[in-house]
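Okay, so here's the structure we're looking at.
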Amino acid sequence: MRLLALCLLAVAAGCSSAPPPPPGPPAPRYDVEPVSGLGFFRDERERSEALLAQALRAHGIEPAPAALSAKAWALAAAGKSLLTGQDCGRPLSRAEARRRWAAVLGLAGSASGHVWCGGDGGCELSMYGSPVDDDGERLRLVAPLSARG
C-alpha cells in the first residue's frame, strides 16, 4: 500500500520517464529598419523601433538584435565581409546586404515603419514586414498615434 501511494505521488508530481516534447520551430528573425516619415530625434527613433519590435513579437516574429544589425550594416556599407571584416567588394545597401548575408545573420526578413501625418493633426504608424526572399507573406499593420505619442 505504501509503494502504491509513493507511485501515485510520483505520477501526480509529474515524474515520468517520457522525454519532454521537442521545442517548436524558432520564431523567424527580422531586421528592424529605422522608422521613416518624420525627422526623429535619436530617442524618438529608438522608441519607434522598440514599438515596431514589440508589434513584431506580438505576431510571432523575433527582431534581430539592434547592435548586431548596426555593426553588420556598417561593415556592408564599407564593402567589408561580415565574417572577417576584410574588404570583399563594393559597398552594399542595407537591402543588398540583407539578401547577401541573411543566412549568416539568421534573418528571415525585414520590418520597417513609416509615420504619416495628415492636415487634421492626426498621425498613423504603418508597419511593414517582408521576407528576405521576397516570396512569402507580407505583414502590414496600421496604428493611429496620439498627439502625446
Identify, please: which residue in region 89-119 is open to solvent by 30 Å² or more (accessible area, probe 1.4 Å), in contact with a helix residue (DSSP H, G or I) (Cβ under 9 Å, 6 or more places away or on another chain) and hydrophobic (A, V, I, L, M, F, W, C) and is, among those, farthest from H59 (Cα to Cα)? L92
Consider only pairs whose beta carbons are under 8 Å apart and that are at least six residues apart or on different chains; among these, list those whose first residue lies in region 43-61 and is under 16 Å from L125 (Cα atoms) and whose second residue is at pLDDT 80 or above and among the β-branched types (V, I, T). E49/V32; L52/V32; A53/V32; L56/V32
Which residue pairs have Cβ atoms under 8 Å apart, sit 6 or more places apart or on different chains, and have a first residue in region 91-110 that is closer than 10 Å to W73 by Cα and a second that is outside any helix (DSSP H, G or I) and among the acidic types (D, E)? R94/D31; R94/E33; R98/D31
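The values are calculated or read from the model by the stated rules, or taken from the named source; none is laboratory data. Since the structure is predicted, the reported quantities are computational estimates derived from the model, not experimental observations. Quick reminder, even Gly has a Cβ in these numbers, built from the backbone with ideal geometry, and neighbours come from all protein chains shown. For the accessible areas, the whole protein counts, side chains as well, though only heavy atoms, and no ligand, DNA or RNA atoms are used. Shrake-Rupley method; radii C 1.70, N 1.55, O 1.52, S 1.80 Å.
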